[in-house]
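These notes are about the structure you will find just below.
The values are calculated or read from the model by the stated rules, or taken from the named source; none is laboratory data. Note that the structure is a prediction, hence the values are computed from the model and not measured. When we count neighbours, we look across all protein chains shown, and the Cβ atoms used for this are built from the backbone with ideal geometry, even at glycine. Surface accessibility is based on the protein's heavy atoms, side chains included, excluding ligands, DNA and RNA. Shrake-Rupley method; radii C 1.70, N 1.55, O 1.52, S 1.80 Å.
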Amino acid sequence: MATKILLDTDIGGDVDDAVCLAYLLANPDCDLLGITTVTGDTAKRASVASVLCKIAGKKIPIHPGRRHALILDTREHTVPQAAALDKWDHDTDFSRGEAIAFMRQTIRDNPGEVVLLGIGPMTNIAALFAADEEIPQLLKGLVIMCGVFKGRNYELEWNALVDPPATAIAYRAVPPYHRSIGLDVTNQLTMPADEVRKRFKAPLLRPVLDFAEVWFQRYPTMWFHDPLAAAVIFDETLVGYETGRVEVELKSDRTPGQTYWFPDDPAGYHQVAMTIEPQRFFDHYFSFFK
């Protein structure tokens, strides 16, 4: 039976969100129940997501979510990859203000069956958990691309630092399982632009390549942060986890959103990815685009 997924994403910023969505749409074991977008121009992010859904021939509900962080100023306003939207058919008319209600109702309609996959800042997820405190326990599990756990002092990860109070709420939730895919493993998954151009030939990857070309104007390499977070839902052996406790920095002006890792806490329930074999991941990912 296919795994039911809700995807929360800031697609249109870093290109790996689109790489992730393409994977979910191509994977026959994924039942993608809906997409919510988060931070900045969430309607434009929804348009970017709609491109891939149309190429895949799937009518996936897409709801623009919260534009602003819970408390602090929003740090991510623009959607650079929207520059490539004119090359592809896409939607522009989306319902507003319904993302959190959609997430809540979808999870309540499928208790114990939905994996909530967060690959953007935690704002929508935190708003959902605050609106309905039972939701974490009604999930099948929570998987987030968030944090860095064995890195250098003061090393920060984008999804965690954009909205630190939201990140803290996400980590205080207690779903049946709580898994973090952080920079400790995802920074090992890189591909230079020339190789991306050679390998992104499948129809579903063609618009992703156009989005990537916008990214390559600033960076010569693609990271596969978010696709790994999706892939481990379907193959848990792609990474090695450690179990412990995660805390989020909220008091420091210098490092808000920093994730602290306490692996020896016997009461810890957070599973954090610590090891990976990059080639196994790439073999897994591209097996869906032959």
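Of everything listed in (1) crowded, with 18+ Cβ neighbours inside 10 Å; (2) assigned to a helix (DSSP H, G or I), the single unmet condition for residue 195 is (1).
Can you tell me how many residues within segment 163-187 are under 15 Å from residue 229 (Cβ atoms) and open to solvent by 20 Å² or more (accessible area, probe 1.4 Å)? The total comes to 5. Criterion applied to 131, 202, 173, 168 was being over 20 Å from residue 276 (Cα atoms), in contact with a Pro (Cβ under 6 Å, 6 or more places away or on another chain) and at pLDDT 95 or above, and the one residue passing it is 173.
Taken over segment 250-290, residues that are basic (Lys, Arg) and modelled with pLDDT of 95 or more amount to 1.
Filtered by the rule that a residue be more than 22 Å from residue 71 (Cβ to Cβ) and outside any loop (DSSP other than H, G, I, E, B), segment 163-179 gives 178, 179. The residue that is least open to solvent (accessible area, probe 1.4 Å), counting only those in segment 201-255 that are assigned to a strand (DSSP E or B) and farther than 22 Å from residue 174 by Cα, is 222. Looking at residue 21, is it under 22 Å from residue 126 (Cα atoms), over 13 Å from the mean Cα position of the chain (by Cα) and touching a residue at least 12 places away in the same chain (Cβ under 8 Å)? Here the answer is no, as residue 21 does not meet what is asked.
Listed here are the helices (runs of 4 or more DSSP H) enclosed by segment 51-162 that have at least 1 residues being more than 30 Å from residue 254 (Cα to Cα), in contact with a helix residue (DSSP H, G or I) (Cβ under 9 Å, 6 or more places away or on another chain) and open to solvent by less than 40 Å² (accessible area, probe 1.4 Å): 99-109, 135-138. When 52, 72 are checked against the criterion of being closer than 28 Å to residue 185 by Cα and either in contact with a Gly (Cβ under 8 Å, 6 or more places away or on another chain) or among the hydrophobic types (A, V, I, L, M, F, W, C) (or both), a single residue qualifies: 52.
Matching residues to (1) touching a residue at least 40 places away in the same chain (Cβ under 8 Å); (2) over 17 Å from the mean Cα position of the chain (by Cα); (3) under 22 Å from residue 16 (Cβ atoms):
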residue	(1), (2), (3)
138	no, yes, no
159	yes, no, yes
170	yes, no, yes
179	yes, no, yes
186	yes, no, yes
192	no, yes, yes
195	no, yes, yes
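Of the residues in segment 109-125, at least one is over 24 Å from residue 256 (Cα atoms), among the hydrophobic types (A, V, I, L, M, F, W, C), in contact (Cβ under 8 Å) with a residue 40 or more places away in the chain and in contact with a Pro (Cβ under 9 Å, 6 or more places away or on another chain). Going by the structure shown, is residue 275 surrounded by fewer than 17 Cβ atoms within 10 Å (Cβ to Cβ), touching a Phe, Trp or Tyr at 6+ places or on another chain (Cβ under 6 Å) and β-branched (Val, Ile, Thr)? No, not satisfied.
What number of residues within segment 25-40 satisfy the criterion of being buried (at least 24 other Cβ atoms within 10 Å of the Cβ) and outside any strand (DSSP E or B)? Summing the residues that are buried (at least 24 other Cβ atoms within 10 Å of the Cβ) and outside any strand (DSSP E or B) in segment 25-40 gives 2.
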